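*Asks:* One structure coming up, written as structure tokens, with questions to follow.
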Ligand SMILES: [Zn+2]
Ligand SMILES: [Zn+2]
């Protein structure tokens, strides 16, 4: 497990022993991150986006066309970055090769982008992995991103609040229209869970089907407001 590798004494010791180095170009890191100032300035960020679903927009508008036609079950979406090079490569290194420096950097970038913009919720919930996938990968990337965010905001993290009760084929392998059917009934909210306002955390948001399905389950359970915080939003 790679739990609790963000921050803390171990991080401070590593920082002293190994000065930060840019994970993209190998130049010296900047401001304590494994990223140089030039690479950081060039990271793709959402300039203007739909307030409801985070979809990048080409012109300033409060909502995208999809949300105007049909509002999603979540109330707001904040994305730290756009899912485009080099962010996609950093995420793949973290998620599929368990590269810890990439994970730590992505968590730091997410926290610094979101902290000034969001309303602090009652609790933070990472999108759960089914236990079979968790066993294969060894960690849940959403939990690893949510943990330092919750700590930075001083709000509780409830990673048992939503359970993935049915294993489903990876969403990437399905067409958009099949994604929602694939997920129906895949999530269950813990019967004892209670909160008025929650933030759901995930690494990448593409169609948002997974987040939609969880938001519906939370609202049926009585949660009033569900915000979505993602590391990277796909266009
Ligand atoms: Zn660099
Ligand atoms: Zn939208």
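Just so you know, all these numbers are worked out from the coordinates, no wet-lab data involved. Keep in mind that this is a model prediction, so the values were computed, not measured. Glycine gets a Cβ as well: all are built from the backbone with ideal geometry, and neighbour counts include every protein chain shown.
*Asks:* In a Gaussian network model over the chain where Cα atoms closer than 10 Å are linked, find which of 116, 72, 86 has the largest mean-square fluctuation.
*Replies:* Looking only at 116, 72, 86, the largest GNM fluctuation is found for 116.
*Asks:* Given a cut-off of under 8 Å on Cα pairs at least six residues apart, what relative contact order in percent is computed for region 46-233?
*Replies:* 27
*Asks:* Does anything in region 21-56 have its amide N under 16 Å from the 7 Å Cα→Cβ label point of residue 92, and if so which residues?
*Replies:* It comes to 24, nothing else.
*Asks:* If each residue's Cβ is checked for other Cβ atoms within 10 Å, how do 125, 91, 118 rank with the fewest at the top?
*Replies:* Exposure proxy ranking, most exposed first: 118, 91, 125.
*Asks:* So between residue 219 and residue 45, what do we pick up on full extension, going 0.36 nm a residue minus the alpha carbon distance?
*Replies:* That pair, residue 219 and residue 45, stretches by 59.7 nm at full extension.
*Asks:* Multiply the residue gap between residue 165 and residue 27 by 0.36 nm, knock off their C-alpha separation, and tell me the result in nm, one decimal place.
*Replies:* Fully extending the segment from residue 165 to residue 27 adds 45.2 nm.
*Asks:* When the chain is treated as a GNM, springs tying every alpha-carbon pair under 10 Å, which of 141, 48, 108 comes out with the largest mean-square fluctuation?
*Replies:* 48
*Asks:* Right, another one. Specify the angular offset, from 0 to 90 degrees and rounded to the nearest 10, of the alpha carbon long axis of helix 87-97 from the longest principal axis of the alpha carbons in the chain.
*Replies:* 90
*Asks:* Please work out whether the chain counts as rounded, prolate or oblate from its C-alpha gyration tensor, where a ≥ b ≥ c are the square roots of the eigenvalues and a/c under 1.5 means rounded, while otherwise a/b larger than b/c means prolate and anything else oblate?
*Replies:* prolate
*Asks:* Under a 10 Å cutoff between Cα atoms, tell me which one of 178, 110, 205 has the largest fluctuation in the Gaussian network model of the chain.
*Replies:* 178
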